Amino acid sequence: MLVNGKWVENWQPVQKTDENGGFVRQVSGFRNWVTPDGAPGPSGRGGFKAEAGRYHLYVALICPWASRTLIGRKLKGLEGAVTLSITEPAVTDEGWEFASGADPIHGAKYMHEVYTKADPDYTGRATVPVLWDRETATIVSNESSEILRMFNSGFGDLASGPDLYPAPLRDEIDALNERIYPRLNNGVYRAGFATTQSAYEEAYADVFAQLDELEARLSQGGPWLVGETFTEADIRLFVTLIRFDAAYFGLFKTNRQRIADYPALSAYLRRVLDLPGLRETVSIDHIKRGYYSIKTLNPLGIVPVGPDLSALEL
C-alpha cells in the first residue's frame, strides 16, 4: 500500500480486520461527481463537467467493483466519450500492473502511480475502478457505486441506453443493494479473507442465505430483480454471480453449492449475459488468473482448469 505517497510493502488483500477477525474493506477516498453542468454532486467538490474525451476509466477485469463501471459505460453508450485502461489480471507485489502502453495518460507501470499523480501524499490501497479527469489532472472518484450512477445520469446527453436508476424504483433498488452488498457482494470477500473460523462461518452463512433468498425471489418473479426493468441492482448482483463458480466457490471456500446448482439464478445469469454488449465486459480468463494470483490464498499460483462454463458460452 501507499503511505504518504510511497509504496511501503508487498500487496496484501487484508489491511484491516474487525474484533472477530473479519475482513474490513477500505473506504473509497475520492468521492467527487461528474455532472452535466459541472455542479457539485452528492459528495465532494464541483468542477467536473460532462465532456466527451475528458475522462478516463481504469479497471481490472477480475474486479467486480470495476466491472460494475465497465458495464455501466457499455450500456450507457459512453465508450466513445470515456476512454479506458485495463490492468493485467495478476495482482503483483505492487498491486495492479499495466502492460506496456496500457496507461496512455501517465505511462504508469502500476496503478499506485496514478494515485500519487492525483495526491503525492496519498495513503491507502490503490484500488480500481478509478475515474480520472484529464483537465484537472486528478481522480474524480474511486467509488464504483458512484461511478456507475455518474455513467447513468451524470453525463447528460453524452449517454444513451436504459435508465439504470429510475426514480419510481429507487427505494426498492436501494433496499436490494443495502441487503445484497454486505451479505453477498462483500460476503464472499468476508469469507475468503476471514482470519478466524468464526468470521469465516458467519460470512459463509450470509452468502448462502442471500443466494437462497435471491433464488426464491427470481423463481417467483423477474426477469430482473425489480420485475420487468433491468437496473443497477442487477449489475451489482451479476458481477458477483459471474465470478462465483470460477473463483469464490473454490478459492474463497464458499462451497456449499455453485450458481450452476441454482436453476433461477443460472437462468438469470444467462439473461444478463445475453444483453447486447454485456458479454464483452467479462473475461473468465482474467477472473481466474487474477484471483488465483493472490499469494495469501494460493501461494503456488496454480490456476484450476475448471469449472466448465460452456452453458454460459464463456
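If I go through the range 1-35 residue by residue, how many of them are open to solvent by less than 70 Å² (accessible area, probe 1.4 Å) and over 21 Å from V130 (Cα atoms)? Total satisfying the criteria: 6. Taken over the range 284-314, the criterion of being at pLDDT below 95, within 22 Å of the chain's Cα centre (by Cα) and among the hydroxyl-bearing types (S, T, Y) is satisfied by T296 alone.
Filtering the range 113-130 for residues that are under 22 Å from H286 (Cα atoms), basic (K, R), at pLDDT 95 or above and open to solvent by 50 Å² or more (accessible area, probe 1.4 Å) leaves an empty set.
Does at least one position in the range 300-314 carry a residue that is part of a helix (DSSP H, G or I) and farther than 29 Å from G227 by Cβ? I'd like the intermediate steps shown before the answer.
Here is the first cut: in the range 300-314, the ones part of a helix (DSSP H, G or I) are 310-312.
Checking which are farther than 29 Å from G227 by Cβ leaves us with 310.
Yes: the range 300-314 contains one or more residues that are part of a helix (DSSP H, G or I) and farther than 29 Å from G227 by Cβ.
Among residues that are open to solvent by less than 20 Å² (accessible area, probe 1.4 Å), at pLDDT 95 or above, within 18 Å of V239 (Cα to Cα) and not in a strand (DSSP E or B), G38 is not included. Exactly one residue among D206, D212 is among the acidic types (D, E), open to solvent by 30 Å² or more (accessible area, probe 1.4 Å) and in contact with a helix residue (DSSP H, G or I) (Cβ under 9 Å, 6 or more places away or on another chain), and that residue is D206. The set of residues in the range 51-75 that are crowded, with 24+ Cβ neighbours inside 10 Å and assigned to a loop (DSSP other than H, G, I, E, B) comprises A60, I62, C63.
Take T281 and tell me if it is at pLDDT below 95 and out of contact with any Gly (no Cβ under 9 Å at 6 or more places or on another chain). Can you show your working first?
Numbers: at pLDDT below 95: no; out of contact with any Gly (no Cβ under 9 Å at 6 or more places or on another chain): yes.
Considered against the rule, which asks whether it is at pLDDT below 95 and out of contact with any Gly (no Cβ under 9 Å at 6 or more places or on another chain), T281 comes out as no.
Taking first residues from the range 212-232 that are closer than 14 Å to S266 by Cα and partners that are open to solvent by 40 Å² or more (accessible area, probe 1.4 Å) and not small (G, A, S), the Cβ contacts under 7 Å between residues at least 6 apart in sequence or on separate chains come to P223/R271. Taking the range 136-229 as the region of interest, the helices (runs of 4 or more DSSP H) fully inside it that hold 2 or more residues being over 19 Å from the mean Cα position of the chain (by Cα) and farther than 28 Å from G47 by Cβ are 170-180, 197-220. Is it the case, given these coordinates, that R256 is farther than 20 Å from C63 by Cβ, touching a residue at least 40 places away in the same chain (Cβ under 8 Å) and part of a loop (DSSP other than H, G, I, E, B)? When the stated conditions are applied, R256 passes them. Within the span defined as the range 86-101, one or more residues are open to solvent by 40 Å² or more (accessible area, probe 1.4 Å) and among the hydroxyl-bearing types (S, T, Y).
For (1) at positive phi; (2) open to solvent by 20 Å² or more (accessible area, probe 1.4 Å), each residue gets a yes or a no:
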{"position": "F238", "(1), (2)": "no, no"}
{"position": "L251", "(1), (2)": "no, no"}
{"position": "R256", "(1), (2)": "no, yes"}
{"position": "D261", "(1), (2)": "no, yes"}
{"position": "L275", "(1), (2)": "no, yes"}
{"position": "I284", "(1), (2)": "no, yes"}
{"position": "R289", "(1), (2)": "no, yes"}
{"position": "E313", "(1), (2)": "yes, yes"}
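For residues that are open to solvent by 60 Å² or more (accessible area, probe 1.4 Å) and either within 20 Å of S28 (Cα to Cα) or not charged (D, E, K, R) (or both), tally how many sit in the range 76-85.
Taking the range 76-85 first, the residues open to solvent by 60 Å² or more (accessible area, probe 1.4 Å) are 79-80.
Within this subset, residues satisfying the condition of being either within 20 Å of S28 (Cα to Cα) or not charged (D, E, K, R) (or both) are 80.
Count: 1.
Where residues in the range 77-115 are without any contact (Cβ under 8 Å) to a residue 60 or more places away in the chain and of a type in the set (G, A, S), which of them is farthest from L148 (Cα to Cα)? Step by step, filter the range 77-115, then rank; the result is S100. Within the range 116-134, residues that are polar (S, T, N, Q) sit with their Cβ atoms under 7 Å from residues that are crowded, with 19+ Cβ neighbours inside 10 Å, at 6+ positions apart or across chains, in these pairs: T116/L2; T116/Y122; T123/L2; T127/N142.
The values are calculated or read from the model by the stated rules, or taken from the named source; none is laboratory data. All values derive from a computational prediction rather than experimental measurement. Using ideal geometry, Cβ is built from the backbone for each residue, glycine included, and neighbour counts are taken over all protein chains shown. Please note that ligands, DNA and RNA were not included when accessible areas were found on the heavy atoms of the full protein model with its side chains. Shrake-Rupley method; radii C 1.70, N 1.55, O 1.52, S 1.80 Å.
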